[in-house]
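Enquirer: If you scroll down you'll find the structure; I have some questions about it.
The values are calculated or read from the model by the stated rules, or taken from the named source; none is laboratory data. Here the structure is a predicted model, which means the values were calculated and not measured. So basically every Cβ, Gly included, is an ideal-geometry build from the backbone, and we count neighbours across all protein chains shown. The area values use the complete protein model at the heavy-atom level, side chains included, leaving out ligands, DNA and RNA. Shrake-Rupley method; radii C 1.70, N 1.55, O 1.52, S 1.80 Å.
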Amino acid sequence: MNRLWIQLALGFALITTITVLIIALFANRQTTTQFRRFFAQNQVQESALLEQLAAYYAQQGSWEGVATLLETAHVPGMGPGTGRRQGPGPGMGPGRQGSHLLLIDPGGQVVYAGGGGPAMPAGDPLDNALPIRVQHQTVGYLVVRTPDHADLPPPAQAFLQQVNGALWQAGLIAGLLGLLLGVTIARSVTSPLGRLVTAARHVSQGHFEQRVPAAGTDEVAKLAHAFNAMAAGLQQAEQVRRNMIADIAHELRTPLSVLQGNLRAILDDVYPLEKAEVATLYDETLLLGRLISDLRDLTLAEAGQLRLDLHLTDIAPLVERMAALVREPAAQKGITLHVTLPDALPPVQIDPERFKQVLHNLLGNALRHTPTGGRIDLTARVGTPSESGTADHGPRSIMIEVTDTGPGIPAEELPHVFGRFWRADTSRSRDQSGSGLGLAIAKQLVEAHGGTIGVSSAARRGTRFWFTLPVREVCNVEG
């Protein structure tokens, strides 16, 4: 009973039944009333009453004394003395009130109101009046008023019952058709929802490949599209999660294997317990610690829980400091580092340590992929979002660019550059290409500051990374 399609079907059935019942009752009442009026008027027209009234008016010249004529008039099928209360007679049961006659002159004044009825009935009495004409002039109107409880002759009563019976039968058929249509509509509306429920149950069990056809009404179709988009997102997220776990396991396995192998070699006296060996093991622990720290920062940033210690900061000294840290390793590889800073940069609201972390990741990435004899350009300038390719209009911002002369990134790889554990060259070792988290962390940190980050590259033509920071007096961003 708690099924939606059953409730919808019962609702349709209830509404259909009530509607048909009301229509049938109204039609029955109107049919009975109109038939009684038609029958009474027809009996009057078939009688000589209208001719008698016309002759009376022609003889008298007025309606004075017409009550005597009307009270003694006889209409076949309606009983003698139509205008008075009568006993048993043709067309009337014992003690019943016969049809009442109302005579109205051309001016609208009531000349005669028989049967004790009201002198003037509600509404316009001339709508159903029978005109009385003398020499082509209307001299009055005869209105036949038929009470609902007045008996009809058996043939007329039988006909009325047949008509009312036909109305009730039509109402019953309409009600059954409405019920059938309601069940059909309810099933058609709820069947897509049933498919969604089944698919959602499969998704909850980990079968993210489930999809449902976008059929039914617009609302149900939109729901199906939303469900399919959600399932596709979950499927992609699940694949990313599996890949991430595999990557993390791979990244952690290598330093752990080095630690275990070296420690076993020391225990087996293969390696002597010297400071050089201890230093190697210590370097591996630092690598593990850095990887774990990067994963923690990235997870907090993606969850919006990375706290930023924001200050209004002049970034020029920070850029110079980070360039100085990279200049010596670049010189050792025969790489030229060129820094370009304008005379004055507006201060920005940033977390200085996180800013240095972003710039360190970008410079480290450029240093790893720039060959000997290459060049790295570090530039800071006031720019707008349109200059960074993100929008045509917007607030003023500072843009930092790191450009190298490395081998570049293939176009098909550019959408994945800021993903977890992405490497430009998967054949490189971990020492050469890093953990693959630096660019993903840089993206999260820049966006946490309200900025944007991007990359442009072409094979064998170098790569350009850029990020922007909005220039504003107050920034309440807190991850």
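Enquirer: Tell me the net charge near A224. Cut-off is 13 Å between Cβ atoms, A224 excluded, with +1 for each Lys or Arg and -1 for each Asp or Glu.
Expert: Cβ neighbours under 13 Å give a net charge of +1.
Enquirer: K333: which lysines have alpha carbons under 25 Å from its alpha carbon, excluding same-chain residues fewer than 8 sequence positions away?
Expert: K356
Enquirer: Here's something else I'd like to know. Multiply the residue gap between A265 and L281 by 0.36 nm, knock off their C-alpha separation, and tell me the result in nm, one decimal place.
Expert: Here the segment from A265 to L281 would lengthen by 4.6 nm.
Enquirer: Leaving ligands, DNA and RNA out of it, work out the accessible area of W63 with a 1.4 Å probe and give it in Å² to the nearest 10.
Expert: Result for W63: roughly 20 Å² accessible.
Enquirer: So for the pair R133, T198, with labels modelled 7 Å out along Cα→Cβ, what separation do we get in nm?
Expert: 7.5
Enquirer: Of D314, D404, D269, which has the most accessible area with a 1.4 Å probe, and how do the rest follow in descending order?
Expert: D269, D314, D404
Enquirer: When the dipole is taken about the Cα centre of the range 192-317, and only Lys, Arg (+1) and Asp, Glu (-1) are charged at their Cβ, what size is it in debye, to the nearest 20?
Expert: I would put it at about 760 debye.
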